[in-house]
Amino acid sequence: MRTGAAAGHVGYFHEAILYDSDDHLLAVVLPFLLGGVEAGEPTVVGFGGRNADLVRRALPAGAGVTFLPGGDVYARPTAAIRAYRELLAGHVASGATQIRIVGELPPVVFGATWDWWARYESAINHAYDEFPLWSMCAYDRRVTPPHVLADVARTHPRIAGPDGSHQPTGVYTEPASYLAECRPAPLDPLQHGVPVVELVDPTPARARAAVRAADSGLLPPDGVDDLVMAVSEVVCNALRHGTPPVRMRLWCAPDRIVVAVHDHGPGPKDPYAGLLPAGDGTEGGLGLWISHQSCDHVTHHRDPDGFTIRLTAGNAHFPV
């Protein structure tokens, strides 16, 4: 039996906390956590260091709340989805009728990589809907950019207030519609320069060789292997499912390698492509999922000229 604001709700009850002070955050989070403990529900905090310490100090000793390593959980969107689905499935298998989680994304993702985290916030409305989850995602209005807050409102059905309210955002957009927009991410500054490699209709083998030749020790060996695999999958998808010509371009910097693959087709039909596993890959979704597992940032862009996927290995947090 579910409790609190989610009582009677079926599936995922997804809320945002838009706070502007420590007191505001605690006024929402503490009743949420203590209510879960009182009801005997698994109750979890996925905050980073400062806010995790803030909540720990405010909770009664031995409160029975589980703290996750927030920074590790949110390394990549696909990793977060996989980890949370495993966590939720485990609690349901143990008999939980509701799970409460409060978490936050690290502020570094509000810059150049926000596009795939916005997709994450939208996709989890679908990805977690099979579980009796009530979660709150905290955003500090003092440091969160306006365009991020606008996406938060569109990807969260409701906002939890310090007065105990749970109000609809009024602009929530269903994931299939939101994800289908495929909005462009900021260009990496490297893309304003001449690419180190430019290939037309390369075979996957040629694409793999080009990435290895361009590395020259820029990335750790595991990072190179992951990028090689991701580029191979994306090029294969473009050749098999896209519209020729397929163009691959590669840029290098001391801290990253960026690869863009473009074709003249419309891109994948599945709005969740890349964020969730996609069957046997007959429509190209499996390769996109592999690329999201392997790279430090992946962007999708659809325009009248076709579809582009950009893969970054290394530091993707350039100034925007």
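The values are calculated or read from the model by the stated rules, or taken from the named source; none is laboratory data. The shown structure was predicted, so the numbers you read here are calculated from the model rather than taken from an experiment. Here the Cβ positions follow ideal geometry from the backbone for every residue, glycine too, while neighbour counts run over all protein chains shown. Protein only, heavy atoms only, side chains kept; ligands, DNA and RNA dropped before computing areas. Shrake-Rupley method; radii C 1.70, N 1.55, O 1.52, S 1.80 Å.
Quick notes on this structure:
- Pairs where the first residue, in region 95-116, is farther than 23 Å from Glu130 by Cα and the second is open to solvent by 20 Å² or more (accessible area, probe 1.4 Å) and at pLDDT 95 or above, C-beta under 6 Å, 6+ apart: Pro107/Val143; Phe110/Pro145
- Taken over region 80-118, the criterion of being open to solvent by 10 Å² or more (accessible area, probe 1.4 Å), of a type in the set (A, V, I, L, M), in a helix (DSSP H, G or I) and out of contact with any helix residue (DSSP H, G or I) (no Cβ under 7 Å at 6 or more places or on another chain) is satisfied by Leu87, Ala89, Val92, Ala93, Val108.
- The listed residue being over 20 Å from Val109 (Cβ atoms), more than 23 Å from the chain's Cα centre (by Cα) and assigned to a helix (DSSP H, G or I), out of Arg240, Arg249: Arg240
- Picking from residues in region 119-128 that are in contact (Cβ under 8 Å) with a residue 40 or more places away in the chain and assigned to a helix (DSSP H, G or I), the one that is farthest from Leu88 (Cα to Cα) is Arg119.
- When Met1 is tested against (1) surrounded by fewer than 21 Cβ atoms within 10 Å (Cβ to Cβ); (2) in contact (Cβ under 8 Å) with a residue 40 or more places away in the chain; (3) of a type outside the set (Asp, Glu); (4) closer than 15 Å to Ile101 by Cα, just one condition goes unmet, and that condition is (4).
- Against the numbered list (1) crowded, with 20+ Cβ neighbours inside 10 Å; (2) within 20 Å of the chain's Cα centre (by Cα), Pro186 comes up short only at (1).
- Single unsatisfied condition, Arg142 versus (1) closer than 22 Å to His166 by Cβ; (2) open to solvent by 30 Å² or more (accessible area, probe 1.4 Å): (1)
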